[in-house]
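Notes to accompany the following structure.
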Amino acid sequence: MSFCKQIFDEINSARKDPNQYAEKVLKYIEYFDGTTLKIPGKDAYINTKEGAEAYKELADFLKSSQGMEPFEPSKGLFKIANEFLNNSQNYEVDQMDKIDTTKIMEKYGNFIGEFDQAMEFGSDKPQEIVINLLVSDGDNSREYRNVLLNPKLKKVGIASGKHSAFPNFTVIMACIDFENKVDSDDTENFEESTSETTSSQTPLVTLSDMISNNNEKEEEERKRKEAEEEERKRKEAEEEERKRKEAEEEERKRKEAEEEERKRKEAEEEERKRKEAEEEERKRKEAEEEERKRKEAEEEERKRKEAEEEERKRKEAEEEERKRKEAEEEERKRKEAEEEEKKRKEAEEEERKRKEAEEEERKRKEAEEEERKRKEAEEEERKRKEAEEEERKRKEAEEEERKRKEAEEEERKRKEAEEEERKRKEAEKDMKEKENQIQNNSENNANKEEEKPKQTENEREYDILNSIILLYIIFLILNL
């Protein structure tokens, strides 16, 4: 069996039963070391781009695929592949597109419908060649796999042989159908058409062989023409008529192929537009999803800020409560100090100056306290206005309730003010009573002075000062 026939059978094996062929592919996985393929019995290793993953992917693809009709050999396509192989000797891998396949094809016939080709460099075993093409390592589109496993493609031609830059080079030409210019049947001449590239050892016909074969054929042709000259003349007219009809038929098929190509391009254009529409729809949905996530993030940020604001207000309230307790503690300590001062009764003049200083300090603190309260009142007013603004936007109906509560609050404050005024009047009343008592005491003291003429002026001033201090202490107690 020729080398190209082995490749042909290997491809059809994968096409007819892809599930069974997947088992052959899986055997290669155990030969991998990283991305290097080390096939037993071969000295040279193969460095791949994707490694064993590409072979696993191919096996999965084959297992999920349905069987298809096998390729049929086309003598014309085998001739085209063979000439392509011969012409490729002076080109590198990236220069293969410089070979004019169309010009070669015109010599042997016309393809009908879709046409494609695949090339493999280096392997000299039919199974390795086919698996390498099916894997299409490093090609995300898996172009060569799509050629070999395309159910639309029916005809195939194969050439394989040495190359100037590689141990072996294999070319596969495939199409939906091919109209040969040669008269012989494709199936009958399969072995003949593949014999030109039967193995990787002698793939090309040498120039001396071609000249020898041509001379023999010319001698036989000359003898045959002498006997058939008259018959040839008779058939010339028929041959011309046949060629004309063939030309017309070829033109018709060409136009049909062009029409099919046009329809295929239109279908591809529609498919492209559909995919673009799907892509736009996908992008629109992604944009909507991003907008939704953005709004959710904003909502979470708003809730976080509200929680922080509530925490801040709670801490401010705790801080105010702490300051109030500290102030009460300071006031308690201050009273204890005054009580000690009262009991101890140091020098009157120094005590008076100290108390005056304390009075000034108290007034300063009262001024600071009033300033602090004023600022707090302004802060509360600002917060109240912000709350009112939010409350107004959220529920207008609650505005009346707020005003009613404010009115009640003002009424409460007014009553508290009246209560303070009442307490102040009671304090004034108590003050007057104390003053009367002091006056009575002063009169009693005056009487005592008459009884005690020896009392000095300094002692009288001392008694008056004590009376004033006592009145001041009573005033402070009443205010507290």
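Could you list, in sequence order, the residues of region 154-163 that are among the basic types (Lys, Arg) and outside any loop (DSSP other than H, G, I, E, B)? Matches in region 154-163: LYS155 only. Are any residues in region 350-369 open to solvent by 100 Å² or more (accessible area, probe 1.4 Å) and either over 18 Å from GLU328 (Cβ atoms) or touching a helix residue (DSSP H, G or I) at 6+ places or on another chain (Cβ under 8 Å) (or both), and if so, which ones? Residues satisfying the conditions are GLU350, LYS353, GLU360, LYS363, ARG364. Residues of region 19-46 that are farther than 29 Å from LYS154 by Cα, in contact with a helix residue (DSSP H, G or I) (Cβ under 7 Å, 6 or more places away or on another chain) and open to solvent by less than 60 Å² (accessible area, probe 1.4 Å): ILE29, PHE32, LEU37, ILE39.
If you go through region 1-13, how many residues are open to solvent by 60 Å² or more (accessible area, probe 1.4 Å) and aliphatic (A, V, I, L, M)?
Here is the first cut: in region 1-13, the ones open to solvent by 60 Å² or more (accessible area, probe 1.4 Å) are 1, 6.
Now restrict to residues that are aliphatic (A, V, I, L, M): 1.
Residues that pass the stated criteria total 1.
Of LYS49, LYS16, which residue is in contact (Cβ under 8 Å) with a residue 12 or more places away in the chain and surrounded by fewer than 13 Cβ atoms within 10 Å (Cβ to Cβ)? Don't jump to the end; show me each part of the working.
Details: LYS16 fails: surrounded by fewer than 13 Cβ atoms within 10 Å (Cβ to Cβ).
Among LYS49, LYS16, only LYS49 is in contact (Cβ under 8 Å) with a residue 12 or more places away in the chain and surrounded by fewer than 13 Cβ atoms within 10 Å (Cβ to Cβ).
Among the residues of region 447-462, some residue qualifies, meaning at least one is modelled with pLDDT of 80 or more and under 27 Å from ALA347 (Cβ atoms).
Here GLU179 qualifies as over 48 Å from the mean Cα position of the chain (by Cα) and at pLDDT 85 or above. The listed residues are LYS373, LYS355, LYS403, and the only one of them that is of a type in the set (Lys, Arg), in contact with a Phe, Trp or Tyr (Cβ under 9 Å, 6 or more places away or on another chain) and part of a helix (DSSP H, G or I) turns out to be LYS355.
Could you list all residues from region 327-343 that are small (Gly, Ala, Ser) and at pLDDT 90 or above? Give the steps one after another, and end with the answer.
Just the residues of region 327-343 that are small (Gly, Ala, Ser), to begin with: 327, 337.
Hit for region 327-343 is ALA327, nothing else.
Exactly one residue out of GLU416, GLU346 is modelled with pLDDT under 90, open to solvent by 70 Å² or more (accessible area, probe 1.4 Å) and not in a helix (DSSP H, G or I): that is GLU346.
Answer yes or no as to whether LEU133 is surrounded by 18 or more Cβ atoms within 10 Å (Cβ to Cβ), touching a residue at least 40 places away in the same chain (Cβ under 8 Å), of a type in the set (A, V, I, L, M) and in contact with a helix residue (DSSP H, G or I) (Cβ under 8 Å, 6 or more places away or on another chain).
Details: surrounded by 18 or more Cβ atoms within 10 Å (Cβ to Cβ): yes; touching a residue at least 40 places away in the same chain (Cβ under 8 Å): no; of a type in the set (A, V, I, L, M): yes; in contact with a helix residue (DSSP H, G or I) (Cβ under 8 Å, 6 or more places away or on another chain): yes.
No: the conditions fail for LEU133.
Return the only residue of PHE115, PHE71 being under 19 Å from GLU250 (Cα atoms), crowded, with 18+ Cβ neighbours inside 10 Å, of a type in the set (Phe, Trp, Tyr) and touching a residue at least 24 places away in the same chain (Cβ under 8 Å). Checking each option against the conditions leaves just PHE115. In the condition set (1) over 26 Å from LYS38 (Cα atoms); (2) touching a Gly at 6+ places or on another chain (Cβ under 6 Å), PHE166 is compliant with all but (1).
Name the residues in region 75-110 that are among the aliphatic types (A, V, I, L, M) and open to solvent by less than 20 Å² (accessible area, probe 1.4 Å), would you? Don't jump to the end; show me each part of the working.
Narrowing region 75-110 to residues among the aliphatic types (A, V, I, L, M): 77, 80-81, 85, 93, 96, 99, 104-105.
Scanning region 75-110 gives LEU77, ILE80, ALA81, LEU85, MET96, ILE99, ILE104, MET105.
Right, ASN213: surrounded by 11 or more Cβ atoms within 10 Å (Cβ to Cβ), at pLDDT below 50 and more than 30 Å from GLU114 (Cβ to Cβ) or not? Write out each step before concluding.
Details: surrounded by 11 or more Cβ atoms within 10 Å (Cβ to Cβ): yes; at pLDDT below 50: yes; more than 30 Å from GLU114 (Cβ to Cβ): yes.
Here the answer is yes, as ASN213 does meet what is asked.
Of the residues examined, GLU311 is not one that is closer than 30 Å to LEU478 by Cβ and surrounded by 10 or more Cβ atoms within 10 Å (Cβ to Cβ).
The values are calculated or read from the model by the stated rules, or taken from the named source; none is laboratory data. This one's a predicted model, so the numbers in the text were calculated from it and none came from an experiment. Glycine gets a Cβ as well: all are built from the backbone with ideal geometry, and neighbour counts include every protein chain shown. For the accessible areas, the whole protein counts, side chains as well, though only heavy atoms, and no ligand, DNA or RNA atoms are used. Shrake-Rupley method; radii C 1.70, N 1.55, O 1.52, S 1.80 Å.
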